[in-house]
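Please treat every number below as a calculation from the coordinates, not as lab data. All of these numbers come straight from a predicted model, not from anything done at the bench. Heads up, the Cβs are rebuilt from the backbone with ideal geometry, glycines too, and the neighbour counts pull from every protein chain shown.
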Amino acid sequence: MSEESERIKCLIIGSGPAGYTAAVYASRANLSPVLYSGIQPGGQLTMTTQVDNFPGFPEGVEGMNLMENMKKQAERLGTDIRDGLVTKADLSQRPFRIEIDKEKNLLADALIISTGSSARYLGLESEKKFRGQGVSACATCDGFFYRNRDVAVVGGGDTACGDALYLANICRKVYLVVRRDVLRASAAVRKQVLGNDKIEILWNSNVKEILGDASGVTGATIYNNKKNTSGNINIFGIFIAIGHHPNSEVFAPYLHTNEEGYIITDPGSQATNVPGVFAAGDVQDPSYRQAIVAAGSGCMAAMDAEKFLRGN
């Protein structure tokens, strides 16, 4: 990094519900926060249509509109919101050294990491085409829209089985597409899935293609890798549950993470193992991955950062 660097009291990386909420609280605490929006301004909610489970919106709210309102609120209160991606970080000493887009250098007295996580997808072109129109990576976010309809879940682990059970309470039928002949989920969850009459497991199977029209998803082509045969199922929604990847790589050399890469924070706090560095939202939450949880953790991170700066 070059010699010339901008000094920032409170730097926030990431612009989902966690980042914007942290910005609101940091602004109100007179921390003069600067927020860099990252690779996906607004986070994963910008790829969701209707959000019905965020409190305060009795008629629901478009994901893009919700995030735009959060952004405007943070800006109104004084947050300096900028476009840019962290390309290098040195958290070995304070102030922390952060490089943006391989060209701009920052020095941060306190750092809030809210870079989120990215859902793993199958990599099909048809999957990209219908994302937000029947293809989803969040059953608890979007399952409501498929009430009394047939849907599919892809995956065989705890997340996929949990999604299948959740959707079975809402939908008419749930196909669980499993690429092996066993479920990797815990024994208790496996038992519930196998005992649920509304869940049909398609063993040894992969999704070959997602079918649809102008209205969205209408079906999927399923390939049985044991029988070497393909067939179609009629569905209105397909939920990809093959895992998430936390966007923590650039910071991971300095921070404690779990085996999947999620940043570990202290119990009852958003503090990491590096004093002055805090993490909020999906980048440190492998369990819930909900906008309201991320927003709450963003609030906590900003309050923790304010207390840290006041004491230092």
- request: Determine which single condition Val182 fails, assuming it passes every other condition in (1) β-branched (Val, Ile, Thr); (2) under 26 Å from Gln290 (Cα atoms); (3) free of Cβ contacts under 8 Å to residues at least 40 places away in the same chain.
  value: (2)
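Quick one: in the stretch 219-252, of everything that is free of Cβ contacts under 8 Å to residues at least 60 places away in the same chain and not in a strand (DSSP E or B), which residue is nearest to the chain's Cα centre (by Cα)?
Only one residue fits best here, namely Glu249.
Results for (1) of a type outside the set (Lys, Arg); (2) in a loop (DSSP other than H, G, I, E, B); (3) in contact with a helix residue (DSSP H, G or I) (Cβ under 6 Å, 6 or more places away or on another chain), shown as yes or no for each residue.
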position	(1), (2), (3)
Asn196	yes, yes, yes
Glu200	yes, no, no
Glu260	yes, yes, no
Gly296	yes, no, no
Glu306	yes, no, no
- line: Over the stretch 120-153, the set of residues touching a Cys at 6+ places or on another chain (Cβ under 8 Å) and charged (D, E, K, R) is Arg147, Arg149, Asp150
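Could you please let me know if Ala26 is over 19 Å from Ser117 (Cα atoms) and either without any contact (Cβ under 8 Å) to a residue 12 or more places away in the chain or outside any loop (DSSP other than H, G, I, E, B) (or both)? Please lay out each step first, then the result.
Working: over 19 Å from Ser117 (Cα atoms): yes; either without any contact (Cβ under 8 Å) to a residue 12 or more places away in the chain or outside any loop (DSSP other than H, G, I, E, B) (or both): yes.
Against the criterion (over 19 Å from Ser117 (Cα atoms) and either without any contact (Cβ under 8 Å) to a residue 12 or more places away in the chain or outside any loop (DSSP other than H, G, I, E, B) (or both)), Ala26 qualifies.
Each row is one residue, and each column tells you yes or no for (1) over 30 Å from Thr79 (Cβ atoms); (2) in contact with a strand residue (DSSP E or B) (Cβ under 7 Å, 6 or more places away or on another chain).
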site	(1), (2)
Leu106	no, yes
Asp150	yes, yes
Gly157	yes, no
Cys171	yes, yes
Arg179	yes, yes
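Hey, any hits in the stretch 174-182 for a residue that's exposed (fewer than 15 other Cβ atoms within 10 Å of the Cβ) and outside any loop (DSSP other than H, G, I, E, B)?
Taking the stretch 174-182 and keeping what is exposed (fewer than 15 other Cβ atoms within 10 Å of the Cβ), we get 180-182.
Filter once more, keeping what is outside any loop (DSSP other than H, G, I, E, B): none.
No, because not a single residue in the stretch 174-182 is exposed (fewer than 15 other Cβ atoms within 10 Å of the Cβ) and outside any loop (DSSP other than H, G, I, E, B).
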field: Candidates Ser136, Ser92, Ser117, Ser126 - the one that is touching a His at 6+ places or on another chain (Cβ under 7 Å), touching a residue at least 60 places away in the same chain (Cβ under 8 Å) and either under 30 Å from Ile238 (Cα atoms) or not hydrophobic (A, V, I, L, M, F, W, C) (or both)
entry: Ser117
task: Out of the residues in the stretch 223-270 that are within 20 Å of Ala160 (Cα to Cα) and among the acidic types (Asp, Glu), state the one that is surrounded by the fewest Cβ atoms within 10 Å (Cβ to Cβ).
output: Glu259
